[in-house]
Amino acid sequence: MINIVSASILSADLLNLESEIKKLEENNVDWIHFDVMDGVFVPNISYGIPVLAQVSKVSKCMECDVHLMITDPLKYIRQFDEAGADIITFHIESISDTVETVKAIRQTKCNVGIALKPDTPAEAVFPYINEHLTMVLVMTVEPGFGGQAFMDMSEKIRKIRRYADEHGFCDLLIQVDGGIDEYTSGIVKSAGANVLVSGSYLFKADDMSSAVEKLKR
């Protein structure tokens, strides 16, 4: 099974973002995880479309993995696509119609992801696991802030992996986000996750290359 590392730039030095992105590329990070928060869906505000447009200009070797923690993602799909997103993940708990939001993303160049908060059961995403869905994001913290403690969502991950495999969608990516480091990565990978979002662990590492390798293996 492939293991993809997606670095959350919420933990990067935003005053030196270009150099931080180049550092990620030099240390074999696969994706940039771009957290968008509106202060309504989650109790925090981050960055948005103009910043993504700049990030996408300097991240040619990495996928832009955009995580929309916003109330009505359907309204903004086209703008995030045009700003350089490669993957757009939205929350099933948002007010946007899930089917219509998936359709809107499919009409762009982007792949489709659906995210689940910790309290949302695995079964909520089952009706949407089909040929149109690239990834399910299982949050292992409450969305909204970086640096939170890991919550073990192993059983949820197993249920999603089992359902996908049993229905012929073995290529479904399962991403985890929240408190991922060299120890918790083993827990989620053994449950069936294969895309690991990590922020503080990577950016605070003395040796980022070694930290990335520990997540991947």
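None of the figures in this text is laboratory data; all of them are computed from the coordinates on show. What you see is a predicted model; the values in this text were computed from it and never measured. Neighbour counts run over all protein chains shown; Cβ positions are idealised from the backbone, glycine included.
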Applied in sequence order to segment 187-201, the curve 6.51 cos²θ - 1.76 cosθ + 1.60 (Karplus, θ = phi - 60°) yields integer Hz couplings, x standing for Gly and Pro, of 5, 6, 5, 5, 7, x, 6, 9, 10, 10, 8, 9, x, 4, 4
Which aspartates and glutamates, on any chain, are close to Lys23 with Cα under 16 Å apart, when same-chain ones fewer than 8 places away are left out? Asp13, Glu63, Asp206, Asp207, Glu213
Hey, what's the per residue convex hull volume over the C-alpha atoms of segment 11-156, in cubic angstrom? 120
One would report the antiparallel percent of DSSP beta bridges in the chain, rounded to the nearest 5, as 5
For Thr140, which sequence-distant residues (separation of 5 or more, or a different chain) have an amide H within less than 5 Å of its own amide H, given hydrogens modelled in the peptide plane? Asp177, Gly178
Low-density loop cleavage sites - trypsin sites (Lys or Arg not before Pro) in segment 131-202, where at most 13 other Cβ are within 10 Å (DSSP): none
Taking Tyr201, Tyr76, Tyr183, Tyr163 and counting other beta carbon atoms within 10 angstrom, the fewest-first order is Tyr183, Tyr163, Tyr76, Tyr201
Return the loop-located trypsin sites (Lys or Arg not before Pro) in segment 71-154 (DSSP other than H, G, I, E, B) with at most 15 other Cβ atoms within 10 Å of their own Cβ; answer none if there are none. Lys109
If packing is taken as the average number of other Cβ atoms within 10 Å across a peptide's residues, how do 125-138, 83-96 rank, most packed first? 83-96, 125-138
If each part is reduced to its alpha-carbon centroid, segment 116-160 and segment 1-43 end up apart, in Å, by 19
